Amino acid sequence: MSYYDHNADQFFNETFALDMSEIFQPFLARLQPGSRILDAGCGSGRDALAFKQRGFAVTAFDASPELVNLACKHTGLDVQCLSFEEFQAQASSFNAIWACASLLHLPYAELKNTFRHLAQFLLKGGLFYCSFKYGDDEVERGGRHFTNLNEKRLADVITDTGLQIDTTWQTEDQRPERAGEFWLNGLLVKI
């Protein structure tokens, strides 16, 4: 998290205004108006704000204190400063979880337990969106850890977590300077 604390303003400026409508569409199309969404690892708060503006009930958290401050300021939400494992709520209290480019910072060995932990907060049949840089390795870049996943690695890591894959698709990074970088998007369902 030290990377995000030291680079919070730069990260916020690079990500907050990105148009994520195309990524939101398959997720939001499956939710009823007013559904409860947990934004897990909300970063700048961009997506939490978009969901709030569309009338959803949003709970958001991030592990970086500096990003939490910025997200609170720009979304009007009471964003909590927590890690994935620290987050607690009543079981089965969310219709959906949104984890956009956040779980990828965990080591691969920790992903299964984190998916299992977060899945307990979903209602049966609830949706869980996640995204990872496309690949099959773990890398350190610019002071940050990245766990890259492809379809097989995602399927492997969610085995025995209470989740199953509904659909996956690839997208190109929205930032012009990252053209040619691809993401694995996964829409999972609580079983």
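The values are calculated or read from the model by the stated rules, or taken from the named source; none is laboratory data. Since the model is a prediction, treat every value here as computed from it, not as a measurement. Cβ coordinates were reconstructed from backbone atoms using ideal geometry, including for glycine residues, and neighbour counts include every protein chain displayed. We work out accessible area using only protein heavy atoms, side chains counted, and drop any ligands, DNA or RNA first. Shrake-Rupley method; radii C 1.70, N 1.55, O 1.52, S 1.80 Å.
Can we say Asn95 is within 22 Å of Gln25 (Cα to Cα), in contact (Cβ under 8 Å) with a residue 60 or more places away in the chain and surrounded by 13 or more Cβ atoms within 10 Å (Cβ to Cβ)? Explain how you work it out, then say what you get.
Working: within 22 Å of Gln25 (Cα to Cα): yes; in contact (Cβ under 8 Å) with a residue 60 or more places away in the chain: yes; surrounded by 13 or more Cβ atoms within 10 Å (Cβ to Cβ): yes.
Spelling it out, Asn95 is indeed within 22 Å of Gln25 (Cα to Cα), in contact (Cβ under 8 Å) with a residue 60 or more places away in the chain and surrounded by 13 or more Cβ atoms within 10 Å (Cβ to Cβ).
For every residue, the table says whether it meets (1) at pLDDT 95 or above; (2) of a type in the set (A, V, I, L, M).
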site: Tyr3; (1), (2): no, no
site: His6; (1), (2): no, no
site: Asp19; (1), (2): no, no
site: Cys42; (1), (2): yes, no
site: Asp47; (1), (2): yes, no
site: Val79; (1), (2): yes, yes
site: Ala99; (1), (2): yes, yes
site: Tyr108; (1), (2): yes, no
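Residues Leu127, Leu123, Leu106: which one is among the aliphatic types (A, V, I, L, M) and open to solvent by less than 20 Å² (accessible area, probe 1.4 Å)?
Leu127
Within segment 84-91, can one find any residue that is modelled with pLDDT of 95 or more and touching a His at 6+ places or on another chain (Cβ under 7 Å)?
Yes, segment 84-91 contains at least one residue that is modelled with pLDDT of 95 or more and touching a His at 6+ places or on another chain (Cβ under 7 Å).
Identify the residue in segment 77-92 that is under 13 Å from Gly43 (Cα atoms) and among the polar types (S, T, N, Q) and, among all such residues, is surrounded by the most Cβ atoms within 10 Å (Cβ to Cβ).
Filtering segment 77-92 for residues that are under 13 Å from Gly43 (Cα atoms) and among the polar types (S, T, N, Q), the one surrounded by the most Cβ atoms within 10 Å (Cβ to Cβ) comes out as Gln80.
Could you look through segment 49-86, keep only residues that are part of a helix (DSSP H, G or I), hydrophobic (A, V, I, L, M, F, W, C) and over 16 Å from the mean Cα position of the chain (by Cα), and pick out the one that is nearest to Ile37 (Cα to Cα)?
Of all residues in segment 49-86, those part of a helix (DSSP H, G or I) come to 49-53, 65-75.
Next cut, hydrophobic (A, V, I, L, M, F, W, C) only: 49-51, 67-68, 70-72.
Now drop any that are not over 16 Å from the mean Cα position of the chain (by Cα), which leaves 70, 72.
Numbers: Leu70: 20, Cys72: 16 Å.
Here the answer is Cys72.
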